[in-house]
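Here is the structure we will look at.
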Amino acid sequence: MDLFVSPLSPEEKFDLARSVGEECIQESELAAIFQVKPHPVVYDGFEPSGRMHIAQGVLRAINVNKLTRCGCVFKFWVADWFAQLNNKMGGDLARIQTVGLYMIEIWKAIGMDMRNVQFLWASEEINKRPSEYWGRVMEIARLNNLARIQRCCTIMGRKESDEMSSAQIFYPCMQCADVFFLKADICQLGLDQRKVNMLAREYCDMTKPKLKHKPIILSHHMLLGLKQGQEKMSKSDPDSAIFMEDSEPDLNRKIKMAWCPEQQIEGNPVLDYVRHIVFGYYGKIDIEFKSGEVKTYLDCAELEADYSSGKIYPNEIKPALSKALNAILEPVRIHFSSGEPKALLEKVKKFKVTK
């Protein structure tokens, strides 16, 4: 592929890439990689496991576009075998792969910059170099005890205490191996994947001789669920998430019902979506007050200060969020309204989501 060459300076690349992560391990390593590599390899993987919500769709597109602007090569690991191990879509690989195609189609529709982006299917890529891949998985499994691997099982949406199949114990070892199989410089996944990313860094110190270049961890924010106390969206609870092809009435209803305590920023999903989705996508939001006055906020900190002081009420910010989200999602709705994309979506909607 012809790679996009970023015109940004190494310092500008660092600032832009760092803005993607809520946590970075380590910042000095991230700064250094842009000094020596014009095209650092960034890895993220996803399980094709059901309909896509805006955290996967919009937030991921925002983050990918920032990193490709830095000249990074973004390798998406379409984790079809992993979804099968995790019993998603009832373990039906054909359905899992159909969902994978649907997710890629959404990213194209939402405006993900496909320069420097590669979609690699785990089932295909592993079979191209099986001895390299499975040798690495075996070594990771051999060097770590069972308790350490079980602590990583939260990356699958499981609790350490959950009863799991023996196949699921392989999952963290395989995800750790992915980092090295893809020759990733940067692991750009959610904070919920932190444990296995740290396992990859620890593994570098376990090998003899030690692997010199540890993967940099750039963990993005996890969007809250729309209901009170939900740390993240849930596909199994449709009212806790905004899905990428939700109709305008559905989206408006969900935002209207969303938990949004007055003058509270922390744990408020409406403010969370405004900060990470609307400001990430548009860099601004328009608030219409009860008085009829309309104010354009260009700084999220200013908006949050006005909300926490009581200058903005929930019934003023909710319509503004709904309007912005509907505008963001409209190209996706249009894309899936006819032809092959529509048929693909109808297939996915009929699939039963399994945990």
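Here, each number is a calculation from the coordinates, and none is a lab measurement. What you are looking at is a predicted structure, and each value in this text was computed from that prediction instead of being measured. Here the Cβ is made from the backbone with ideal geometry for all residues, glycine too, and neighbour counts use every protein chain on show.
Using a cutoff of 8 angstrom between alpha carbon atoms and counting only pairs six or more residues apart, the relative contact order for the chain works out to 20 percent.
Between G71, G229, G190, the GNM of the chain built on Cα springs shorter than 10 angstrom shows G229 fluctuating the most.
Calculate how steeply helix 339-350 sits against the longest principal axis of the alpha-carbon atoms of the chain, using the helix alpha-carbon long axis, and give the answer as 0 to 90 degrees to the nearest 10. Tilt of helix 339-350: around 80 degrees. Annotation: peptides 95-105, 23-33, ranked by per-residue average of other Cβ atoms within 10 Å with the highest first, follow the order 95-105, 23-33. Under the 0.36 nm per residue contour assumption, what length would be gained going from the current alpha-carbon distance of I169 and Y313 to full extension? Full-extension gain reported as 47.1 nm. The calculated FRET efficiency for the pair E29 and K284, based on their C-beta separation and a Förster distance of 30 Å, comes to about 0.35.
Shape analysis of segment 215-333 places it in the rounded category; the axes a ≥ b ≥ c from the Cα gyration tensor give an a/c below 1.5. Among M233, M244, a tally of other beta-carbon atoms within 10 Å of each Cβ gives an order, fewest to most, of M233, M244.
Farthest towards the positive end of the charge dipole of segment 10-219, among the residues Y133, C176, I54, is the Cα of Y133, using unit charges on the Cβ of Lys, Arg, Asp and Glu. Spin-label pair K208-R142: with each label point 7 Å from Cα along the Cα-Cβ axis, the two points sit 1.1 nm from one another.
Taking segment 1-21 and a reference point 7 angstrom along Cα→Cβ of K183, the backbone N atoms nearer than 20 Å belong to 1-6. Angle check, please: helix 60-69 long axis (alpha carbons) against the longest principal axis of the chain (alpha carbons), in degrees 0 to 90, nearest 10. So the helix axis and the longest Cα principal axis differ by about 70 degrees. Qualifying chymotrypsin sites (Phe, Trp or Tyr not before Pro) in segment 1-60, where qualification requires a DSSP coil assignment and no more than 12 other C-beta atoms within 10 Å, are lacking entirely.
You can think of it this way: the chain between K128 and S247 has 38.7 nm of extra reach, that is 0.36 nm per residue less the Cα-Cα gap.
Pair-distance distribution of segment 10-219: all C-alpha pairs, bin width 5 Å, starting at 0; shares per bin in whole percent are 1, 7, 15, 19, 21, 18, 12, 6, 1, 0.
Report, to the nearest 10°, how far helix 248-257 tilts away from the longest principal axis of the Cα atoms in the chain, using its own Cα long axis and a range of 0 to 90°. Here the helix axis deviates by roughly 80 degrees. Computed over the alpha-carbon pairs of the chain, the distance histogram in 20 Å steps reads 28, 58, 13, 0 percent, short to long. Computed from the C-beta positions of R151 and S19 and an R0 of 35 Å, the FRET efficiency is 0.75 to the nearest 0.05. When the pairs K227/K290; K75/K295; K75/K227; K284/K349 are compared against a 29 Å limit on Cα-Cα distance, K75/K295; K75/K227; K284/K349 fall above it.
Cβ crowding within 10 Å ranks S247, S6 as S247, S6, fewest other Cβ atoms first. For a modelled paramagnetic label at D113, 7 Å from Cα along Cα-to-Cβ, no residue of segment 264-296 is in reach, as no backbone nitrogen comes under 13 Å. Ordering L30, V73, Q97 by Cα displacement along the dipole of the chain toward the positive end leaves Q97 in first place; charges were set at the Cβ atoms of Lys, Arg (+1) and Asp, Glu (-1).
Annotation: extensible slack from K352 through S337 equals 3.2 nm (criterion: 0.36 nm per residue apart, minus Cα-Cα distance).
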